[in-house]
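What follows is one structure encoded as structure tokens, with my remarks underneath.
The values are calculated or read from the model by the stated rules, or taken from the named source; none is laboratory data. Model, not experiment: these values are computed from the prediction. Positions of Cβ are backbone-derived with ideal geometry, glycine not excepted, and every protein chain shown enters the neighbour counts.
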Amino acid sequence: MLNGIIRRILSAIPTLLVGITLCFLIIHLAPGNPATRFLNPSQTAATQEIIRERFGLNQSLPIQYFHWLKQVLFHFDFGYSFYNGKDCTEVLISALGPTIILSFWALVFALSVGISLGIFTALRADTHVDRVINSTMMIFLSTPAFWLGLMFIGLFTIHLNWLPGSHLHSLYYDQLDSFGQLLDSVRHLILPVFTLGLPLAATVFKYIRAGMIDALQSDYTLAARARGIRQSTILWKYSLKNSLLPLVSLLGVIIPALLSGAVIVEVVFALPGVGRAMVTAVFGRDYPILMAGASLAFFIVILFNIVADIFYRILDPRIRNSAGGL
Amino acid sequence: MILQICLLCLNIFSLFSCQKNHHGQFEHSDLYPKNQQIQDGGTLVIGIRAEPESINPLFALSQSSRNIIRLVFSRLADINEDLKGFTPRLAKSWEISTDNSQITFHLRTNVHWQDGTPFTSKDVVFTYQMHINPVVAWDGMAYKQNISSVEAFNDSTVVFSFYENHRSMLSDAVEGYILPAHILQNISPQNLFTSDFNRHPIGTGPFQLNSWIDMQTITLLKNKRFYESGKPHLDQIIFRIIPDNFNLLNQLKAGEVDLVESIYPKDFQAIIQNWNHGHSDIRPISYLGRRYDFIGWNMIDPESYRNSIDRGESQDAIKYNIQPNRLFGSQKVRAALTMALDREAIMNTVNFGMAVPMNGPVSPILPSYNEAANIVWEYNPQKALKFLAEQGWTDSDGDNILDKNGIPFKFEILTESGNLLWEQVATIVQAQLADIGIQVTPRFLEPALLYGKLLPAKDFDAVIIGWSVGLTPDFSPLFHSSTFYTPFHFTGYYSREYDRLDELAKTAANDDMAQKYYDKIAQLLSNDLPYTWLYYRMECSAVHGRFKDIIYDRRGLYNNPEDWWIPLDERQYIDKVFKK
């Protein structure tokens with residue numbers, strides 16, 4: 001299996017390089033010029049050239065690309081932001097924390113709600129309760145995150161004044177004791193986590209419910225019942241285990257979806273994450289930040305796909321024992 | 001669905017209820033009586049949409065950066081409300097030499113940088129060197145073009161020498177915030193853009209940076225070494241970064257944010273109504289700002305311009321030999337298009353009354369503004385059709401579109417995508433010009449494409465955008481032939497008469513002479529119409545009513561932050577919590 005994992009990792013490297021190269025080309029070949037932001041009516045052509053030189057934009061595209069790649073591969077240096085001159089690696093590292101916190105709790109929320117409701121409704125398939133929950137989850141699945149976020153803010157922040165609608169902390173966070181700080185952070189995270197987690201919970205719910213209904217109607221469940229095995233054992237040991245299997249590969253898709261969902265949620269709730277840094281970079285044509293963010297996104301997507309493949313192999317003996325394997 | 005219908009109804013209701021123009025009552029600063037006992041302390045929370053790029057005056061471009069810089073740094077002198085005189089700041093006085101070639105500034109001797117280092121004339125000389133250094137590429141470099149040297153006579157005296165005697169010598173000299181030489185001289189100019197100073201500035205202003213949490217907050221504390229004793233009155237100012245407009249306004253309403261600038265006119269109307277009815281402590285404030293919107297007509301033929309450039313023709317040859325635009329090359333056509341537009345309706349619809357008419361190039365906030373000098377093209381579709389007919393544009397084939405020699409009068413009007421106001425203007429212009437048989441296609445483009453490619457290449461028909469103006473009139477980058485190839489001069493306007501008047505206005509010995517030339521410029525440009533000026537916008541801001549003595553006027557909102565204060569009995573939780 002180890003050979004398979006190594007082979008999988010090695011095959012991911014060209015994918016990563018091709019992806020990053022394509023991203024570099026798309027960003028740099030888009031019409032317009034990042035130096036335009038610095039234009040002012042009294043600026044001379046010489047000054048404009050100095051600004052282009054400051055960002056390396058006076059060089060040809062291949063030279064810009066190879067210079068960037070060399071810096072990244074050999075020095076792990078993504079360059080400086082065109083917008084504020086900050087080190088891109090520092091920008092991403094400081095933004096990664098809030099994104100990980102938000103994504104982690106959204107994932108926990110999505111899995112717990114999705115799995116529990118999926119099982120609950122599968123056991124009551126085609127009842128009124130099942131139809132109500134199913135329809136509600138379909139609404140969350142099809143609702144855009146920004147709209148959901150704004151509705152939550154409208155209801156819980158403005159109307160009911162129960163929860164804060166922006167930022168990671170209150171302004172007076174530093175003045176609170178440890179428990180107060182914890183409570184403050186939790187209160188600030190509830191709405192963003194719900195906004196990001198609900199559509200994902202609906203996705204998980206859909207998979208689990210379908211998987212469970214299939215498993216409950218399968219021959220092996222029937223055989224287990226015939227052997228007199230207890231219903232709870234059948235449910236937890238056989239049906240759930242089998243219906244959870246597709247969830248492993250689904251996680252490989254959910255993680256990137258979390259990242260892209262975080263973009264919207266971070267802007268709506270003013271959270272200082274990678275998504276928001278990327279949005280600012282897109283509007284400001286901040287190529288170095290965009291490239292650093294895109295590289296990180298590619299890396300995460302590929303990494304989680306590999307992890308999902310490995311777990312799938314570990315959990316499913318049919319794949320583990322097949323000749324193809326990883 | 002029901003909720004969406006309710007929201008739609010609410011929007012429609014607010015649209016109709018906001019037609020009344022209320023702005024007059026918010027144009028003046030609400031100052032407290034002088035004999036009031038001013039109490040120190042309190043916190044001001046300012047909501048901003050975008051994170052400042054830098055708090056280094058050399059690299060600040062955004063409004064939020066400039067606002068923070070105003071609080072952290074000082075100039076030698078600040079311009080007064082009349083836009084003529086100056087109030088001493090780091091300079092306590094100045095004198096102009098008898099031959100008008102030098103200005104000597106006498107600096108305050110009680111000023112310290114926020115790290116405790118004394119401020120001296122060396123800082124002023126160093127700042128000038130940074131301002132003119134091409135590697136730094138400071139965006140105000142043009143102000144220093146007439147300065148030949150800046151020399152320190154002693155620690156508290158500095159002499160500015162000038163090439164020519166201009167009216168703007170003093171304003172040129174004091175333009176730009178003074179930088180700390182003892183910190184920045186150790187950093188090479190090439191590395192300044194990425195230096196740590198940009199996020200950890202040391203200034204001489206009334207407030208100093210305490211913390212900057214990425215994409216969250218920037219906290220400034222009272223500078224206890226500030227040179228004006230007893231000031232500032234507020235303990236701290238927190239800038240809270242809230243990118244979403246809906247969230248920003250809600251935090252303002254909820255009292256989590258005290259001050260928001262540049263509120264959309266529609267949202268501003270709700271703030272006015274709540275304030276007028278006593279439903280809210282949020283005080284609307286508005287004043288004539290710095291921005292105007294216009295339609296820019298491409299007066300030259302894009303293809304002949306492109307071919308000339310490709311052929312490598314000399315710049316003069318291109319300028320003089322270029323073909324006029326097939327549609328907008330004629331002054332009569334531009335005048336007709338201007339008369340076909342009900343600009344007042346456009347102004348009121350998109351700005352909800354928070355704008356004033358504009359008919360010529362001079363901004364109404366400037367002393368040189370004279371409305372009588374402009375030629376006003378009133379809304380008159382019939383006259384517009386007559387003008388167009390004189391130019392050969394008639395509906396000869398009865399398809400309701402004007403045509404000439406078989407070519408229909410069709411064009412694209414570009415604007416910035418995402419700018420809802422300009423997108424609305426484009427749609428209204430499309431509808432109004434359709435009424436006289438002109439087919440307009442609005443096209444909304446990403447800013448980098450619009451400003452970075454199409455406008456500099458003069459590859460467009462017409463464009464709806466806006467400019468932000470300075471406190472001194474300068475139209476050269478837009479209309480003077482010397483700037484014909486620069487990105488801002490995208491209309492291709494060329495007039496020897498304009499060039500002559502522009503140069504005379506700039507070099508006029510006194511304000512009266514300059515006024516004469518500015519009036520002639522206004523008359524010429526409002527007749528030639530390289531732009532159809534649409535309206536001049538009012539700035540809409542709001543601040544919690546507990547903040548007193550905020551002076552706002554045509555210079556902006558941050559004129560006297562060191563004087564802002566909160567009466568003790570109006571203090572709120574946020575004002576007290578930081579006292580722990």
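Figures for the structure shown
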| item | result |
| --- | --- |
| Residue match in segment B:565-573 (condition: surrounded by fewer than 16 Cβ atoms within 10 Å (Cβ to Cβ) and at pLDDT 95 or above) | no |
| Considering residues of segment A:34-49 that are within 7 Å of chain B (Cβ to nearest Cβ) and of a type in the set (Gly, Ala, Ser) only, the residue surrounded by the fewest Cβ atoms within 10 Å (Cβ to Cβ) | A:46 |
| Single match in B:303, B:256 (criterion: charged (D, E, K, R) and within 14 Å of another protein chain (Cβ to nearest Cβ)) | B:256 |
| Residue within segment B:70-93 that is out of contact with any Leu (no Cβ under 7 Å at 6 or more places or on another chain), modelled with pLDDT of 90 or more, crowded, with 21+ Cβ neighbours inside 10 Å and in a helix (DSSP H, G or I) present | yes |
| Extreme residue, nearest to residue A:275 (Cα to Cα), among residues of segment A:159-198 that are part of a loop (DSSP other than H, G, I, E, B) and of a type in the set (A, V, I, L, M) | A:168 |
| Residue within segment A:260-280 that is touching a residue at least 40 places away in the same chain (Cβ under 8 Å) and farther than 24 Å from residue A:189 by Cβ present | no |
| Criterion: under 21 Å from the mean Cα position of the chain (by Cα), at the interface with another protein chain (Cβ under 10 Å from one of its Cβ atoms) and either buried (at least 17 other Cβ atoms within 10 Å of the Cβ) or aromatic (Phe, Trp, Tyr) (or both) - qualifying residue of A:110, A:95 | A:95 |
| Search result, residues across segment B:471-489 that are surrounded by 16 or more Cβ atoms within 10 Å (Cβ to Cβ) and either without any contact (Cβ under 8 Å) to a residue 40 or more places away in the chain or at the interface with chain A (Cβ under 8 Å from one of its Cβ atoms) (or both) | B:474, B:476, B:477, B:478, B:480, B:483, B:486, B:487, B:488, B:489 |
| Looking only at segment B:405-419, and only at residues there that are free of Cβ contacts under 8 Å to residues at least 60 places away in the same chain and either touching a Cys at 6+ places or on another chain (Cβ under 9 Å) or surrounded by fewer than 17 Cβ atoms within 10 Å (Cβ to Cβ) (or both), the one that is nearest to residue B:452 (Cα to Cα) | B:417 |
| Segment A:134-168: number of residues that are over 25 Å from the mean Cα position of the chain (by Cα) and of a type in the set (A, V, I, L, M, F, W, C) | 4 |
| Every residue from segment A:55-85 that is in a loop (DSSP other than H, G, I, E, B) and in contact with a Cys (Cβ under 7 Å, 6 or more places away or on another chain) | A:78, A:79, A:81 |
| Test for residue B:115: is it under 23 Å from residue B:182 (Cβ atoms), touching a residue at least 60 places away in the same chain (Cβ under 8 Å) and in a loop (DSSP other than H, G, I, E, B) | yes |
| Residue among B:393, B:422 that is buried (at least 19 other Cβ atoms within 10 Å of the Cβ) and either within 25 Å of the chain's Cα centre (by Cα) or within 30 Å of residue B:537 (Cβ to Cβ) (or both) | B:422 |
| Selection status of residue A:300, surrounded by fewer than 19 Cβ atoms within 10 Å (Cβ to Cβ) and over 27 Å from residue A:192 (Cβ atoms) | no |
| Within segment A:1-33, considering residues that are loosely packed, with under 12 Cβ neighbours inside 10 Å and among the β-branched types (Val, Ile, Thr), the one farthest from the other protein chains (Cβ to nearest Cβ) | A:6 |
| Hits in segment B:192-205 (condition: within 14 Å of chain A (Cβ to nearest Cβ) and under 27 Å from the mean Cα position of the chain (by Cα)) | B:192, B:193, B:194, B:197, B:198, B:199, B:200, B:201 |
| Among residues of segment B:453-470, those that are assigned to a helix (DSSP H, G or I) and in contact (Cβ under 8 Å) with a residue 24 or more places away in the chain, counted | 1 |
| Search result, residues across segment B:403-438 that are closer than 30 Å to residue B:264 by Cα and not in a helix (DSSP H, G or I) | B:411, B:412, B:413, B:414, B:415, B:416, B:417, B:418, B:419, B:435 |
| Residue A:74 being more than 23 Å from the chain's Cα centre (by Cα), among the aromatic types (Phe, Trp, Tyr) and more than 11 Å from every other protein chain (Cβ to nearest Cβ) | yes |
| Of the criteria (1) at pLDDT below 95; (2) more than 22 Å from residue B:554 (Cβ to Cβ); (3) of a type outside the set (S, T, N, Q), which one residue B:346 fails | (1) |
| Subset of segment B:170-191 that is within 26 Å of the chain's Cα centre (by Cα) and assigned to a helix (DSSP H, G or I) - its residue that is surrounded by the fewest Cβ atoms within 10 Å (Cβ to Cβ) | B:171 |
| Test for residue B:505: is it under 30 Å from residue B:463 (Cβ atoms) and at pLDDT below 95 | yes |
| In segment B:118-144, residue nearest to the chain's Cα centre (by Cα) [restricted to those that are assigned to a loop (DSSP other than H, G, I, E, B) and free of Cβ contacts under 8 Å to residues at least 24 places away in the same chain] | B:137 |
| Condition check for residue A:84: without any contact (Cβ under 8 Å) to a residue 60 or more places away in the chain, more than 25 Å from residue B:214 (Cβ to Cβ), crowded, with 17+ Cβ neighbours inside 10 Å and in contact with a helix residue (DSSP H, G or I) (Cβ under 9 Å, 6 or more places away or on another chain) | no |
| Flag for residue A:52 being part of a helix (DSSP H, G or I), within 14 Å of chain B (Cβ to nearest Cβ), basic (Lys, Arg) and out of contact with any Leu (no Cβ under 8 Å at 6 or more places or on another chain) | yes |
